[in-house]
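Let me begin by presenting the structure, written as structure tokens, before commenting on it.
The values are calculated or read from the model by the stated rules, or taken from the named source; none is laboratory data. This is a predicted model, so every value here is computed, not measured. Cβ placement follows ideal geometry from the backbone for every residue including glycine, while neighbour counts extend to all protein chains displayed.
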Amino acid sequence: MDSKHYYNPNGEEILDEKIFGGTPTGFVDFNRSKYKWDSRIYDLMNANTWFPSEVNTSAEKKHFDALTDNEQSIYKMTFAQLSFNDAAQEEYLSDFRQLANNRLLKSVITLQMMQEVNHSKSYAVLLDACGNSEEVFNLYKHDVALNNKNMRIAEQFARHIEGGSVDKMLASAMASVNLEGIYFLLGFAYIYVLGDKVPGARDMIKFIARDELNTHLPLFANIFKTIRKENSIDSNTIDLTYKMIQEAVDIELEYGNYLLDTFPIMGITKELMKQTVYNYANDRLRKIGLNPIFEESQTTYLQKLVSKHLGMNDVKSNFFESNVSNYAKSSIDLDDF
Ligand SMILES: [Fe+2]
Ligand SMILES: [Fe+2]
């Protein structure tokens with residue numbers, strides 16, 4: 001590796017560092033940010049810091065044992081898939097980070113990686129309390145649909161991550177918009193539908209969902225929009241990003257429909273899942289500056305459940321309460337850059 005990769009006194013000014021391409025000097029200066037959103041999202045991520053030990057999981061096994069067979073299966077299949085998402089995202093971020101030029105943005109991605117690791121740890125803590133950790137982490141070996149969803153997500157991650165052009169970097173950023181904004185959502189919703197029956201899982205998912213939807217999704221939406229603003233992007237690449245979100249919707253609904261066919265539970269229908277995923281996909285497209293392309297419905301019951309738990313008011317943790325004002329302050333205008 002060239003030493004200029006670490007230190008280049010003749011590199012560009014910090015305020016000139018673009019997301020793609022350039023020659024940074026090597027400094028990370030939080031006081032001089034080219035963008036308004038990057039250091040703000042970093043502060044918000046920090047204010048959002050939580051640890052799995054803050055969630056009370058002492059009665060999780062008792063609660064899990066009281067679920068119906070189908071509810072137990074939904075619980076296990078949900079965590080089997082969500083845990084893959086976070087592990088994959090950590091690895092993807094490490095690769096995506098290498099495509100980036102702006103050092104402050106790279107620092108924000110580093111913090112996001114730590115949060116994804118924290119999510120992986122939280123699944124292990126929860127499932128250990130539930131007494132089925134090994135079983136759940138091994139479900140991919142026995143369940144074709146689970147294995148297929150994981151594989152399709154991995155393939156979308158891998159397709160453009162080698163970089164080499166700004167168009168490939170943009171397509172790679174889209175894969176992350178899909179992960180943060182689509183692949184988690186039905187999983188979150190299932191656990192919220194179980195709700196008070198599994199308070200440990202519900203509270204763990206609340207913390208995870210806040211990270212994904214309040215900071216990680218805005219981060220990648222801003223990355224996507226900024227790459228487009230700073231570069232001339234081929235219209236074929238924009239067409240490709242539409243295809244990628246259509247694929248993401250298909251991946252999410254395929255697994256959702258499989259779970260519902262195999263383990264029907266109260267409160268969920270195929271139509272409800274379709275409307276929910278379509279609405280989320282349209283919202284993600286708007287967030288990245290593209291046009292919604294899916295049939296739009298009224299905000300669904302599942303969306304309302306997810307949104308309800310994104311608020312900070314019902315969090316009981318003292319640690320969180322001490323950070324609420326900070327959180328509220330920094331959550332304004334994340335998309336305004
Ligand atoms: Fe995560
Ligand atoms: Fe994330």
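Scan the stretch 63-89 for residues that are assigned to a helix (DSSP H, G or I), away from ligand 1 (no atom under 16 Å from the Cβ), in contact with a helix residue (DSSP H, G or I) (Cβ under 8 Å, 6 or more places away or on another chain) and of a type outside the set (Ser, Thr, Tyr) and jot them down. Please lay out each step first, then the result.
We begin by selecting, within the stretch 63-89, every residue assigned to a helix (DSSP H, G or I); these are 63-65, 69-89.
Within this subset, residues satisfying the condition of being away from ligand 1 (no atom under 16 Å from the Cβ) are 63-65, 69-77.
The next check asks that each one be in contact with a helix residue (DSSP H, G or I) (Cβ under 8 Å, 6 or more places away or on another chain); those that pass are 63-64, 71-77.
Once the filter is applied, which keeps residues that are assigned to a helix (DSSP H, G or I), away from ligand 1 (no atom under 16 Å from the Cβ), in contact with a helix residue (DSSP H, G or I) (Cβ under 8 Å, 6 or more places away or on another chain) and of a type outside the set (Ser, Thr, Tyr), the stretch 63-89 yields 63, 64, 71, 72, 74, 76, 77.
List, please: which pairs have Cβ atoms under 9 Å, are six or more places apart or on different chains, and start with a residue in the stretch 53-80 that is within 24 Å of residue 146 (Cα to Cα) and without any contact (Cβ under 8 Å) to a residue 40 or more places away in the chain and end with one that is surrounded by fewer than 20 Cβ atoms within 10 Å (Cβ to Cβ) and of a type in the set (Asp, Glu)?
Short answer, once both residue conditions are applied: 72/65.
One line per residue, one yes/no per condition, for (1) hydrophobic (A, V, I, L, M, F, W, C); (2) buried (at least 19 other Cβ atoms within 10 Å of the Cβ); (3) touching a strand residue (DSSP E or B) at 6+ places or on another chain (Cβ under 8 Å):
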site: 209; (1), (2), (3): yes, yes, no
site: 235; (1), (2), (3): no, no, no
site: 239; (1), (2), (3): no, no, no
site: 254; (1), (2), (3): no, no, no
site: 276; (1), (2), (3): no, yes, no
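Table: residues versus (1) of a type outside the set (Gly, Ala, Ser); (2) within 21 Å of residue 74 (Cβ to Cβ).
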site	(1), (2)
167	yes, no
172	no, no
180	yes, no
222	yes, no
226	yes, no
238	yes, no
251	yes, yes
254	yes, yes
271	yes, yes
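Identify the single condition in (1) part of a loop (DSSP other than H, G, I, E, B); (2) of a type in the set (Phe, Trp, Tyr); (3) within 16 Å of ligand 2 (Cβ to nearest atom) that residue 92 does not satisfy, given that it satisfies every other one.
Residue 92 satisfies every listed condition except (1).
Residue 89 - would you say it is under 17 Å from the mean Cα position of the chain (by Cα) and either surrounded by fewer than 17 Cβ atoms within 10 Å (Cβ to Cβ) or among the polar types (S, T, N, Q) (or both)?
On the way: under 17 Å from the mean Cα position of the chain (by Cα): yes; either surrounded by fewer than 17 Cβ atoms within 10 Å (Cβ to Cβ) or among the polar types (S, T, N, Q) (or both): yes.
Yes, satisfied.
Could you list, ordered by first residue, the pairs with Cβ atoms under 6 Å in which the first is in the stretch 169-192 and more than 16 Å from residue 260 (Cβ to Cβ) and within 15 Å of ligand 2 (Cβ to nearest atom) and the second is modelled with pLDDT under 95 and assigned to a helix (DSSP H, G or I), at least 6 apart or interchain?
From residues that are more than 16 Å from residue 260 (Cβ to Cβ) and within 15 Å of ligand 2 (Cβ to nearest atom), there are no pairs.
For the stretch 115-136, which residues satisfy the criterion of being farther than 22 Å from residue 260 by Cβ, surrounded by fewer than 19 Cβ atoms within 10 Å (Cβ to Cβ) and more than 16 Å from ligand 1 (Cβ to nearest atom)?
128, 131, 133, 134
Going by the structure shown, is residue 60 closer than 23 Å to residue 163 by Cα and either surrounded by 22 or more Cβ atoms within 10 Å (Cβ to Cβ) or within 16 Å of ligand 1 (Cβ to nearest atom) (or both)? First the steps, then the outcome.
Details: closer than 23 Å to residue 163 by Cα: no; either surrounded by 22 or more Cβ atoms within 10 Å (Cβ to Cβ) or within 16 Å of ligand 1 (Cβ to nearest atom) (or both): yes.
When the stated conditions are applied, residue 60 does not pass them.
Give me the pairs: first residue in the stretch 148-165 and touching a residue at least 60 places away in the same chain (Cβ under 8 Å) and more than 19 Å from residue 256 (Cβ to Cβ), second residue of a type in the set (A, V, I, L, M, F, W, C) and buried (at least 16 other Cβ atoms within 10 Å of the Cβ), beta-carbon distance under 6 Å, and six or more apart or on different chains, which are they?
157/175; 163/99; 163/169
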